[in-house]
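Novice: Sharing a structure below in C-alpha cells format, with a few things to ask.
The values are calculated or read from the model by the stated rules, or taken from the named source; none is laboratory data. Note that the structure is a prediction, hence the values are computed from the model and not measured. Methodologically, a virtual Cβ is constructed for each residue, glycine included, from the backbone with ideal geometry; neighbour enumeration extends over all protein chains shown.
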Amino acid sequence: MTSPRRSGPFGEGDWVRLTDPKGRRHNIQLVPGREFSTKKGQIRHDDILGQPEGIVVETALGHPYQAFRPLLFEYVVSMPRGAAIIYPKDAAQIVAMADIFPGARVVEAGAGSGSLSTYLLRAVGAEGHVGSYELREDFAETARRNVEQIMGEAPANWSLTIGDVRETMTETEVDRLILDMVDPWSCVELAVERLVPGGIVCAYVATTTQLSRFVETLRADGGFTEPHAWETLVRDWHLEGLAVRPDHKMNGHTAFLVTARRMAPGHRSIGKSRRPAPGAYGPDYLGPRPVDLDD
Ligand SMILES: C[S@@+](CC[C@H](N)C(=O)[O-])C[C@H]1O[C@@H](n2cnc3c(N)ncnc32)[C@H](O)[C@@H]1O
C-alpha cells in the first residue's frame, strides 16, 4: 500500500465519493474496467480515472453524479465500526483545545474504531507519535483496518496495543493523553506519572456523572490545573431562496470534553480549592481524596 493521493487526477485505487442531485452518496474505489451499479444505471470507473476532482459523470441512463475524493470527516462517519466513534465536530475540538501539535507525543485510549486516531495522526505529523491502546482485540482490528485504509498504509509513527492502557502503556514522556473510555478517572494516576509538566489530559465522556467523577478525581489529585469542561453543538443551516434558517434537525448530544494541564512536580494547582460535596465520590471510589485544600 502507498499513501493515498489527496489531490491531482483520479488514479487506480483512489476512493471517490459520488453524490447525486438529491445528496445520495456512494464511496467507491477505482479499478480500471470496473462498473459501479446505481439504481439510475451503471457508472464506468474508466470515465473517472485520469479526470480531475469535481467532474460530473453520467450513468449509462444519463443520470449525473459529482465525483470528489472523500474528506476525512466524510470517511470516518461511514467507515466500519465496532465501538462508537468520536464524531468530527468533537475530534476537531480535541485537536484544537488539547493543542495537538506537529511533533507531539500523544497517547489515546481506547482506540475503538480508529476515528480519533486518524485526526491525531494527521495533527502530530511525521515528527510526532500516536500510541493507541484498545482493550478489545476485535475493536483494535477494526481500528487498524480503518487507519490503514485512510492513511493508505500502517503509519510508521503509530503504535496500536491491545490491552488495558493502565497496564500496558509503555510511553513514559507524553505531551497529550486523550481518554475516550468509560472510566477515565481510573487513568488519572497514569496521567500524573506519564504526562510531562504542561502536558494535557483530555477526556471525552458521554454523561454528566462521568464528567463529574473525572473532574473531581483530577481536583482531588491536585497535580493538574483546574479542569475546563465544555460541549459543542453544531447546527447545520438550510439555504434555499428566502428560506435561510437553521435545519429542523440536529445532533443534540455526543459527549462532553474536559481538559486539564499537568503541573510541575511538587507544585499544586492554585485553582479552585473548594472541597467537593461528600456525595461527589461514588461508593466504589478508590482514588485519592482531596488533600491540602483550604476550607
Ligand atoms: C467509545 S470507544 C473509543 C472510540 C474511538 N475514540 C474512536 O474515535 O473510534 C471506547 C473504547 O475504549 C476501550 N477501552 C475501555 N477501557 C479501556 C482501557 N482501560 N484501556 C484500553 N481501552 C479501553 C473500549 O474497549 C472501547 O473500544
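Novice: Which ones in the range 169-200 are among the polar types (S, T, N, Q) and within 12 Å of the ligand (Cβ to nearest atom)? Break it down into steps so the answer makes sense when it comes.
Specialist: Keep residues of the range 169-200 that are among the polar types (S, T, N, Q), which gives 170, 172, 186.
Passing the criteria: only Ser186.
Novice: Does Leu218 satisfy being assigned by TED's automatic domain parsing to the domain that holds Thr118, assigned to a strand (DSSP E or B), crowded, with 21+ Cβ neighbours inside 10 Å and at pLDDT 95 or above?
Specialist: No: the conditions fail for Leu218.
Novice: Could you check how many residues of the range 35-59 are surrounded by 13 or more Cβ atoms within 10 Å (Cβ to Cβ) and either touching a residue at least 60 places away in the same chain (Cβ under 8 Å) or part of a loop (DSSP other than H, G, I, E, B) (or both)?
Specialist: 6
Novice: Also, I was wondering about something else. Scan the range 91-129 for residues that are surrounded by 24 or more Cβ atoms within 10 Å (Cβ to Cβ), away from the ligand (no atom under 12 Å from the Cβ) and not in a loop (DSSP other than H, G, I, E, B) and jot them down.
Specialist: Val106, Val124 - these are the residues of the range 91-129 that are surrounded by 24 or more Cβ atoms within 10 Å (Cβ to Cβ), away from the ligand (no atom under 12 Å from the Cβ) and not in a loop (DSSP other than H, G, I, E, B).
Novice: What is the residue count in the range 144-168 for residues that are near the ligand (Cβ under 9 Å from one of its atoms), in contact (Cβ under 8 Å) with a residue 40 or more places away in the chain and either within 27 Å of Leu71 (Cβ to Cβ) or assigned to a loop (DSSP other than H, G, I, E, B) (or both)?
Specialist: Here is the first cut: in the range 144-168, the ones near the ligand (Cβ under 9 Å from one of its atoms) are 146, 161-168.
When the remaining residues are screened for being in contact (Cβ under 8 Å) with a residue 40 or more places away in the chain, the result is 146, 165.
When the remaining residues are screened for being either within 27 Å of Leu71 (Cβ to Cβ) or assigned to a loop (DSSP other than H, G, I, E, B) (or both), the result is 146.
Counting residues in the range 144-168 that are near the ligand (Cβ under 9 Å from one of its atoms), in contact (Cβ under 8 Å) with a residue 40 or more places away in the chain and either within 27 Å of Leu71 (Cβ to Cβ) or assigned to a loop (DSSP other than H, G, I, E, B) (or both) gives 1.
Novice: Tally time: how many residues in the range 39-54 are modelled with pLDDT of 95 or more, more than 14 Å from Arg69 (Cβ to Cβ) and either of a type in the set (Ser, Thr, Tyr) or out of contact with any Gly (no Cβ under 8 Å at 6 or more places or on another chain) (or both)?
Specialist: Counting residues in the range 39-54 that are modelled with pLDDT of 95 or more, more than 14 Å from Arg69 (Cβ to Cβ) and either of a type in the set (Ser, Thr, Tyr) or out of contact with any Gly (no Cβ under 8 Å at 6 or more places or on another chain) (or both) gives 4.
Novice: Whether any residue in the range 157-174 is modelled with pLDDT of 95 or more, closer than 30 Å to Ile270 by Cα and surrounded by 21 or more Cβ atoms within 10 Å (Cβ to Cβ) is what I want to check.
Specialist: yes
Novice: Sticking with this one: Is at least one residue of the range 173-194 under 21 Å from the mean Cα position of the chain (by Cα), within 30 Å of Arg69 (Cβ to Cβ) and not in a strand (DSSP E or B)?
Specialist: yes
Novice: Please state which of the following conditions Gly82 fails to meet, knowing it meets all the rest: (1) more than 8 Å from the ligand (Cβ to nearest atom); (2) at pLDDT below 95.
Specialist: That leaves (1) as the condition not met.
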